[in-house]
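First up is the structure itself, then whatever we jot down about it.
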Amino acid sequence: MNKNIFFGIIAILVVVVLAASIGLMFGNKTIVNTVEKIVGGTNPDFQTNWFRFGGVEHFAGSQSMTTATTTICAIQGPSSTSTLIFGSASFVYASSTGAVIAQMAKAATAFATTTSLGLSTIASGASGTLLATTTPTGPLDPSQVFGPNEWFVVGLQGTTVGTDNDASGTCKAEWIIN
C-alpha cells in the first residue's frame, strides 16, 4: 500500500505541475497578445500618430511625396497649440529635368507656404534630406509654435506642374503638444 500511496502522490504532483505549466504558457500568451493589440503588433510601431510619456505629448506624421503638384507634402499638426521639434523632406530625387527649390513652411492650409522654415536648391537628379529650420530667433519665435491644425508643408519651385515635377521621397514632422 505504501507503493500505491507514493505513486499516487507522484501522479498528482505531475498533473499539478503539468497543469500549472500549461496555465502559465497560455496565461502569458494572453498577456502578450493583449500587449501586442495595444501597441500594434510584435514590433515597436504604434498604430497612432501621438503618444505620451513622462507627461509630454508627442504628435507625428509621415507622408510620401506627391508628384504632379508644387505642394509635394502636407502634414497636419495636432488639434492644439504645439511646437515643431522636427521637420524633414528626404528626397530620392526632386526633378529629372533641372534644379528645383524646395521650401518647408508652416501654413494654415495644406496648399500654402506662409511662414518659411527654410529652403534649399536641389540639383537635377539629386538625393538627400532637408531639415526644417525652427531655431529660435527670440524668446517666442512664431516659426516654432504651430496653432491648432496648422500644416507642415513642403513645396517645390522651378518645376512645371505635371511635366517635370517627379519628386520622390518622404516627409516627416514631429511636434510636442504645448
Matching option when the condition is modelled with pLDDT of 85 or more, more than 30 Å from V56 (Cβ to Cβ) and among the polar types (S, T, N, Q), among S96, S82, S120 | S120
Single condition V15 does not satisfy, out of (1) within 16 Å of the chain's Cα centre (by Cα); (2) modelled with pLDDT under 60; (3) not small (G, A, S) = (1)
Report, ordered by the first and then the second residue, all pairs with beta carbons closer than 9 Å, sequence separation of six or more or different chains, a first member in the range 69-85 that is small (G, A, S), and a second member that is outside any strand (DSSP E or B) and crowded, with 21+ Cβ neighbours inside 10 Å.
-> G77/E150; S82/E150
One residue from I75, I101 being of a type outside the set (F, W, Y), surrounded by 13 or more Cβ atoms within 10 Å (Cβ to Cβ), modelled with pLDDT under 90 and not in a loop (DSSP other than H, G, I, E, B) = I101
Give the residues of the range 47-72 that are part of a strand (DSSP E or B) and β-branched (V, I, T), sorted by residue number.
-> V56, T71, I72
Give the range 146-173 a look and list any residue that's modelled with pLDDT under 90, surrounded by 12 or more Cβ atoms within 10 Å (Cβ to Cβ) and not hydroxyl-bearing (S, T, Y), or say none.
-> G155, L156, Q157, G158, V161, D164, N165, D166, A167, G169
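The values are calculated or read from the model by the stated rules, or taken from the named source; none is laboratory data. Note that the structure is predicted; figures quoted are calculated from it, not measured. No Cβ is skipped: glycine too gets one built from the backbone with ideal geometry, and neighbour counts run over all protein chains shown.
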